[in-house]
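Notes to accompany the following structure.
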Amino acid sequence: MNDKAPFNLWDAQERQYRSLTRDELQWIRTNFGDGEIVTSGWFMCIETANPPQPVPLTVGCMPVMFTGIGELVLEPIPSFPFPNPRVPDPCPTIHWPVMTFPTSEQNVALLTALEPIANVRAIFYMPHWTIVELEYGDGRVYKPKSLPGTVGGRTTLYHHAEAPFYDSMKNMTRARRIDPTQHSTAGIGPMPQDDQNYFRQSSHLSPGCRLECGHGIPGSQNEGVNAATSAGIKLRHFDGQEVLTVAHHGFLISKEVYHPYAGEDKIGDVIDTRPELDIALVKLTSAAARKFTNACYFQAETPRMLLEGFKIKSGTWSEVDGMSSGLVSLLAYGKHYFKPKRPAGHPAVEIKEWRADSVNAIFGAVNNTICEGMCGAPIVQCETGGVGGFFHLSDGLNCFTAHLDDLVAEGWQLA
């Protein structure tokens, strides 16, 4: 979209991006200024004092991020000195193509091969290398250059700290030319939000609408407290039951769901939860059930189906349109598997049962405040209309999306 470059950096046969030629570099400088240009294996960062309008998502088909002068975005890399290319690959027979993710079976085989030499708590599959997050506080000590620098044929790096890898990278998020928190709308606080009452003023309710939980119990410390998030999608179970998905963490104080504010129109009640997915299931009132439709999603791609994790491919674009954000584009570039925590004395969860997330780069004018309001909104693939997850964990630059395999296995599909 809006990519006016007269060249294509993607090599479809080799499934990878090539380097810029001198003429192509000159074209970028002519069009975007003389700031620094950095290209990774999968994205480009261009410094510019005058970002193009409208902002393209790609240049020469390579995903691009435009930043202010002196604000280059570098790909996060662990700094721990454990990898050693001379240590033998523990699983040399496992291979998957560049710019793709391993299968679930390959992931299990790789983590099983690492078990004798490292206590892994999470793993990130990036476009060109792998990041292994080691368990912290278990008494294990790893010496410099003691772990394989290649695992499954991929360069492998290690993170060993109390804070998870991406939590430690939050200070790398870039400054914004537009700070959404500086735009105040009367009556709804210091961030722009769509507060239209679609229940009363429109023919339908849809994904992305503003929702609030009911107020806390009178007399409690939560009295008068509520949280604003975005509506998800309407689902139908094979037994005929229909529900609306919402962000679980937004409805911890009360199970009552209102639109757009608590105290206005109650549209349903939370009847079930999936905390591991940050999803709550809402039984809509009969009037809201008649009005809610998945057939439109503001400016974003219309949701058409639920996607299982293996159908989310590296390099695929998705869209989300929450009540606080407007249209935001996401690029799936990593896959994250991590070990669920268990109480002391309980057996560890089998590797095949580890939770799986997609790692998405965010392209749009958002910050952490805006992201809070986007929570619960569906993330919809541009090409298929498939819902790969719901917006949740974000640091303003990346977001993590829990795979929906369990919902599909339970028999839920779009209504």
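The values are calculated or read from the model by the stated rules, or taken from the named source; none is laboratory data. What you see is a predicted model, and the numbers here were worked out from it, not measured in a lab. With ideal geometry, Cβ positions are generated from the backbone for all residues, glycine too; neighbour counts draw on all protein chains shown. To get the accessible areas, we keep the full protein, side chains included, count just its heavy atoms, and leave off ligands, DNA and RNA. Shrake-Rupley method; radii C 1.70, N 1.55, O 1.52, S 1.80 Å.
So here's what we get for this one:
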{"item": "Charge dipole (the chain, unit charges on Cβ, about Cα centre) - positive-most of Leu25, Cys399, Ser206", "result": "Leu25"}
{"item": "Mean separation of Cα contacts under 8 Å (6+ apart) over length of the chain, as relative contact order %", "result": "13"}
{"item": "Cross-link partners of Lys335 among lysines (Cα-Cα below 29 Å; sequence separation of 8 or more within a chain)", "result": "Lys143, Lys145, Lys170, Lys234, Lys311, Lys313, Lys352"}
{"item": "Carbon/sulfur fraction of accessible area - the chain, other protein chains in place, 1.4 Å, %", "result": "52"}
{"item": "For the range 253-290 versus the range 6-40, the gap between their alpha-carbon centres in whole angstrom", "result": "47"}
{"item": "Debye, to nearest 20: dipole size of the range 322-395, +1 on Lys, Arg Cβ, -1 on Asp, Glu Cβ", "result": "320"}
{"item": "The chain, accessible area per residue, ligands and nucleic acids excluded (1.4 Å, Å²)", "result": "46"}
{"item": "Within the range 80-124, backbone nitrogen closer than 16 Å to the virtual label 7 Å beyond the Cα of Thr384 toward Cβ", "result": "100-104"}
{"item": "Translational diffusion coefficient (Stokes-Einstein; Kirkwood radius from C-alpha pairs) of the range 283-373 at 37 °C, 0.692 mPa s, in µm²/s", "result": "201"}
{"item": "Dimensions (Å) - the range 1-112, Cα atoms, principal axes, largest first", "result": "49, 33, 25"}
{"item": "Calculated FRET efficiency for the pair Ala287/Ser104, C-beta based, R₀ 51 Å, to 0.05", "result": "0.75"}
{"item": "Ranked order, Leu277, Leu393, Leu72 - accessible area, probe 1.4 Å, largest first", "result": "Leu393, Leu72, Leu277"}
{"item": "Amide H partners (placed H, <5 Å) of Ala356, local residues excluded", "result": "His403"}
{"item": "Helix-only CD estimate at 222 nm, as mean residue ellipticity for the chain, using -39500 (n - 2.57) per DSSP H run (n ≥ 4)", "result": "-3000 deg cm²/dmol"}
{"item": "Counting all C-alpha pairs of the chain, share separated by more than 38 Å (%)", "result": "26"}
